[in-house]
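Laboratory data are not the source of any read-out in this text; all were calculated from the coordinates shown. If you're wondering where the values come from, they're calculated on a predicted model, not measured in any experiment. Here Cβ is always computed from backbone atoms with ideal geometry, including for glycine, and neighbour counts include all displayed protein chains.
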Ligand code: EPU
């Protein structure tokens, strides 16, 4: 057995999920290196158990105790690499590194590119899974490659952006053919000739209001942090998993039909002619903001975010999510999809 492999049993996951739901894992391993991962997967008892990969736990809802092996990814470290491609600086970070910690580390090196993604909870290793995005930038825009452990072959391999098949809050890692892949580290390509990405209206107006003609990456990050602090609950204070629902994408015709009946509908045209609807608006119209079902509630300042008002169970969160989904379907004929994974 590898000296760093420690198997814990009946382990409380309460501190490992940002919703703060109290559930246990029958088996738990903190994965600090690829060797620990190999050793865990080679262990005759652990190898037979269902597996749950955990990063920062900011995108999961635990609906009960987990009877299986939790692999808590804790491979750390950030390295600046020699530029592989002209015009970019490559930065590699371990899967267990905190996402915002990486954003801050790159800004401290005067590297721009990640500033719009400041303060997103979670880890580097989880970022490609749902192609995290905010304020007009998605992970795929700055992604260079990832090292992954393939549980099927036992090999480590490098995946390019094309291999990852990134989409809106989506990637190969969420599909059946990516289920055996465990992200070990991610390499980012950050532009040396950086310019701000200010296409997102709310960020652009924050830059204007701050009187910044040519904001630095640090200044953009600070504005993003301020917007997020204003709108989103801090998981350290009130349990939540960020946006609980994806913004639904519908056809242009469907959007026009909804608009005819609901002129206030917030929608954004997509390059392929489809329309992305603001789930927060759809939910808000039903008067959900601030409401609770049991100890699960809708955040008073943002209808897209469900919160744990104290001691919520996964079942309560699920019941609230179902009630909201049914209400939006009844009023708009739109099917909401949840963003976090239910375990
Ligand atoms: N809105 C309401 N009521 C609400 C919430 C929103 O009417 O309670 C309206 C807003 O006025 C706005 C529109 O809905 O016109 C969109 O709302 P907002 O900008 O707050 O959020 P979003 O665009 O739906 C997305 C991401 C966030 C990301 C922000 C900023 C999704 C599901 N969510 O929200 O991502 O931070 O854009 O880019 O795509 C996350 O994934 O966890 C997350 C927080």
- Quick one: check the C-alpha center-to-center distance for the range 225-240 versus the range 1-33, whole angstrom. 26
- Message: If you average the C-alpha positions of the range 287-319 and of the range 71-138 separately, how far apart do those two centres end up, in angstrom?
- Response: 30
- How would you classify the range 235-343 from its alpha-carbon gyration tensor, with a ≥ b ≥ c the square roots of the eigenvalues: rounded for a/c under 1.5, else prolate if a/b is greater than b/c, otherwise oblate? prolate
- Obtain the radius of gyration and the Kirkwood radius of the range 62-125 from its C-alpha atoms and give Rg over Rh. 1.11
- Message: Mean-square fluctuation check for the chain, GNM, Cα pairs under 10 Å: which of 134, 161, 256 is largest?
- Response: 256
- Computed over the chain: relative contact order in percent, which uses C-alpha pairs under 8 Å that are six or more apart: 16
- Rg followed by Dmax, in Å, when the range 134-250 is reduced to its Cα trace: 17.6, 55
- Query: To the nearest 0.05, how large is the calculated FRET efficiency for residue 81 and residue 281 if R₀ is 45 Å and r is the Cβ-Cβ distance?
  - Reply: 0.60
- Message: Which of rounded, prolate or oblate describes the range 78-191 when judged by the alpha-carbon gyration tensor and an a/c cut-off of 1.5?
- Response: prolate
- Note on the structure: Residues 342, 245, 19 in order from fewest to most other beta-carbon atoms within 10 Å are 342, 245, 19
- Percent relative contact order for the range 122-243, counting Cα pairs under 8 Å at least six residues apart, stands at 24
- Message: Between the range 163-212 and the range 139-154, how far is it from one alpha carbon centroid to the other, in angstrom?
- Response: 15
- Query: Semi-axes, largest first, in whole Å: what does sqrt of 5 times each Cα gyration tensor eigenvalue give for the range 8-73?
  - Reply: 20, 13, 9
- Message: Modelling each spin label as a point 7 Å along the Cα-to-Cβ direction, I'd like the residue 150/residue 216 distance in nm, to one decimal.
- Response: 4.4
- What FRET efficiency comes out for the pair residue 257/residue 204, r = Cβ-Cβ distance, R0 = 35 Å, nearest 0.05? 0.70
- Query: Rounded to the nearest 5, what % of the DSSP beta bridges within the chain are antiparallel ones?
  - Reply: 80
- Query: Binning every alpha carbon pair distance of the chain at 20 Å from zero, what are the percents per bin?
  - Reply: 28, 58, 13, 0
- Relative contact order for the range 102-166 using alpha-carbon pairs under 8 Å, separation at least 6, rounded to a whole percent? 22
- Among 299, 200, 135, which comes first, then next, by fewest other beta-carbon atoms within 10 Å? 200, 299, 135
